[in-house]
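The structure under discussion appears below in the form of structure tokens.
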Amino acid sequence: MSPFAGVDSSCTRPFKYTATHRYFILYLLINICVHGINCFQRFSEQPKYTEVNPGQDALLTCKVIDKRGTCSWQKDNKPVGIYAKKYEWAARPSSGSNGLSLDLHPPPMQIGGDCSLWIRSATLDFDDGLWECQVTASDFTTQDALTSQPVRLVVRVGPQRPRLEYEGTHVPPSHNITVDSGAVATVKCVSHYGNPPATLKWYLGDKEIAPIHPQTNNTEPDNTRTWSATSVVQISAMRERHGDILRCLAFHESYLAKSVAVEARMDIKYAPTIRLIGSPEIDLEEDKDALILRCVADANPPASIVWRRAGRSEIASLQETLQLRPVGRRDAGLYTCQAQNSVGTSEQLSVQLDVKYPPKIISAGPDRLTTAPLFSPAAFECVADGNPLPTYKWVQRFSRGAKYVERGHESRLVIDNVTYDYQGDYECRATSYINGQERVAVSEPVSLQVVGAPQVLRLHPSLHTVSIKRGEPASMSLVVCADPRPHRVAWEWGSLRLEAGNGIERFHADDILPDSREDCYLSTLHIERTDEHDSRPYYLVVENERGTDRHAIHLNVEGTFAEPLEMSYLLGIAGGCLAAILILICLCIYAVRSKKCCFKGSSGYKSSDKDSEKADLKSRSDSTSGPQGDSIYTTPAGFHHQHHHQHPGHGSPEAMKSVPVLRTFGNHHAA
């Protein structure tokens with residue numbers, strides 16, 4: 001049993017240092033700290049894995065808390081001495097730090113120690129290995145000696161360039177790794193004579209791929225201090241990977257660029273697939289455009305191409321390119337291409353060739369000249385060829401001038417009711433569009449001849465009225481069509497009739513003149529110095545041996561109603577005022593007489609007075625009736641209604657010639 005068994009360890013009583021208690025106090029200082037804190041020496045930092053290039057210095061760090069023992073190092077389980085310029089302490093220990101003093105004055109309780117070791121000019125043969133930091137015990141009784149975990153100091157050696165192996169054969173850099181589509185290629189990457197072994201990574205294209213298992217590292221048989229690294233990858237051979245670059249990248253700190261790569265090209269064999277280039281995206285026009293079709297095959301090994309045309313047994317081409325210069329409508333059809341190599345045959349691809357050509361009129365008629373009676377039906381028909389199928393338009397072109405009118409948009413033009421408006425030359429226009437450009441074919445003109453009674457062409461509603469300022473000359477024209485030619489043309493207004501080619505006072509009718517349309521004539525009526533009384537409709541009357549027609553055009557002289565309305569307005573005001581004054585006078589007289597009657601009644605009157613008053617009222621009423629009302633509402637002189645005041649002789653033809661205008665409006669007088 002220890003002689004110190006049963007001693008109180010709480011240190012509650014102070015100790016007196018004597019020779020007797022020397023060993024007892026020393027034991028307590030080593031094993032027990034004040035207030036119960038453990039004071040054994042221990043590592044604060046242990047050595048770590050370290051790499052160093054040949055010829056460089058390496059520091060192995062080792063630090064101890066409360067170090068009381070002696071530091072030492074060993075390599076590969078063998079002690080290492082301290083040698084100047086080779087193995088040196090990183091920090092020299094202070095005096096007395098290598099052991100515990102046994103005098104009466106012990107060292108401090110918290111003592112740190114730096115046992116780090118410098119390895120100068122590291123070499124592979126002497127310094128590469130497993131290193132341990134050791135510290136002897138504080139005392140033979142404490143058993144607190146320290147030994148760190150073995151750590152490797154690596155003196156780097158650059159490995160050789162990595163190499164690829166496929167199916168047990170070395171693949172030279174930038175060569176091919178050939179494999180059939182659908183198979184799996186197993187490729188090995190090996191790096192020799194490196195220290196530490198190189199780290200290997202795989203890349204397919206720009207993407208990193210994982211090996212089938214972690215790389216293996218083994219010492220070289222002929223140099224156990226260097227290593228070989230091996231990594232294996234498996235690649236599924238797909239056509240999409242044909243031509244991809246497989247790279248093995250070896251990483252090592254001794255490389256100048258820190259890594260070295262070796263690569264090979266993936267050569268995947270697969271059956272052909274094809275695509276068409278040059279398929280027309282726009283319309284191909286006959287004898288104008290060319291066609292160049294390419295059947296591009298994607299195959300390994302390369303494939304042969306065959307062009308065929310549907311409906312024909314012969315081969316159209318054995319080349320990749322099919323050329324048609326220029327295209328014609330005979331080239332239209334369905335074309336197919338196919339590719340074949342040693343692995344297989346591709347599918348067929350087809351392109352439909354549609355050759356466009358502009359429209360062409362085949363016939364338009366039925367005859368060059370068609371005669372139709374007025375108000376009867378007529379029909380024309382047009383036949384045209386083209387690709388795409390053309391649209392039709394019938395236009396009527398007048399015999400004189402360049403004007404035309406659209407009459408129909410079908411191949412057959414039907415006119416249900418022929419009038420002189422439809423007389424003229426007709427053209428059939430066949431239209432199609434090729435690449436957005438209009439192509440038009442125009443037939444030879446076919447003519448429609450209309451025969452019948454005259455017809456005054458009806459004007460657009462906006463042309464029914466001619467407006468003119470008062471005092472200015474006016475001209476009114478209408479177009480009449482007739483076949484045969486009209487033998488009588490006249491203008492009528494009111495009760496007047498003026499034959500073409502004649503004039504009267506301010507009115508003159510021109511002889512009919514040929515119009516731009518066939519069998520049509522222009523008739524014009526001129527009026528000089530127009531006034532408000534000229535505002536009225538004027539009728540053109542035309543006659544030939546087949547019948548007659550009559551149509552009106554209106555003349556509006558600006559300010560026509562201004563003066564009559566102003567005079568009527570003034571007369572109305574005057575008449576109203578006069579009537580009001582008369583009524584006022586009558587009311588005053590009645591009021592006065594009524595007042596007198598009231599006064600007489602109140603004073604008592606006799607029956608004789610009443611009878612005399614009645615006689616006075618009767619005579620007064622007789623005097624106020626009759627001519628007085630006429631004087632109030634009599635029309636002023638010069639204003640007479642047409643139907644009540646006609647000049648003598650108006651019914652005779654002589655009188656019609658002598659009177660140029662007969663007004664047809666409400667209240668007016670003859671000119």
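Tabulated results
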item: Shape call, region 434-499: gyration tensor on alpha carbons, a/c limit 1.5; result: oblate
item: Viscosity 1.002 mPa s, 20 °C: Kirkwood-radius Stokes-Einstein D of region 263-371 over Cα pairs, µm²/s; result: 130
item: Positive dipole terminus of region 454-559, leading residue within 526, 498, 460 (C-beta point charges); result: 460
item: Around residue 225: net Lys/Arg minus Asp/Glu count, Cβ-Cβ under 9 Å; result: -3
item: Cα centroid separation, region 255-304 to region 192-230 (Å); result: 38
item: Solvent-accessible ranking of 266, 238, largest area first, probe 1.4 Å; result: 238, 266
item: Charge dipole (debye, nearest 20) of region 125-206; +1 at Cβ of Lys and Arg, -1 at Cβ of Asp and Glu; result: 400
item: Which listed pairs, of 63/85; 48/207; 403/469, have C-alpha distances above 25 Å, in listed order; result: 48/207; 403/469
item: Solvent-accessible surface ranking, highest first, for 505, 528 at 1.4 angstrom; result: 505, 528
item: Carbon and sulfur %, accessible surface of region 446-490 computed with the full protein complex present, 1.4 Å; result: 52
item: By accessible area with a 1.4 Å probe, ligands and nucleic acids excluded, highest first: order of 421, 206; result: 206, 421
item: For region 480-530: relative contact order, % (alpha-carbon pairs under 8 angstrom, 6 or more apart); result: 32
item: Cα-Cα separations in region 182-291 greater than 25 Å, expressed as whole percent; result: 44
item: Shape category assigned to region 460-529 from the gyration tensor of Cα positions, a/c cut at 1.5; result: oblate
item: Given charges at beta-carbon only (K, R positive; D, E negative), |dipole| of region 438-587 in Debye; result: 300
item: Global geometry of region 357-454, whether rounded, prolate or oblate, following the gyration tensor of its Cα atoms and the 1.5 cut on a/c; result: prolate
item: Equivalent ellipsoid semi-axes, region 144-243, via Cα gyration tensor eigenvalues times 5, rooted, Å; result: 35, 15, 11
item: In sequence order, calculated HN-Hα J values of region 46-62 (Karplus, 6.51, -1.76, 1.60; Hz; x Gly/Pro); result: 9, x, 10, 4, 9, 10, 8, 6, x, x, 9, 8, 10, 10, 9, 8, 8
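The values are calculated or read from the model by the stated rules, or taken from the named source; none is laboratory data. The shown structure was predicted, so the numbers you read here are calculated from the model rather than taken from an experiment. Every residue, glycine among them, receives a Cβ derived from its backbone with ideal geometry; neighbour counts consider all protein chains shown. Accessible surface areas use protein heavy atoms only, side chains included; no ligands, DNA or RNA. Shrake-Rupley method; radii C 1.70, N 1.55, O 1.52, S 1.80 Å.
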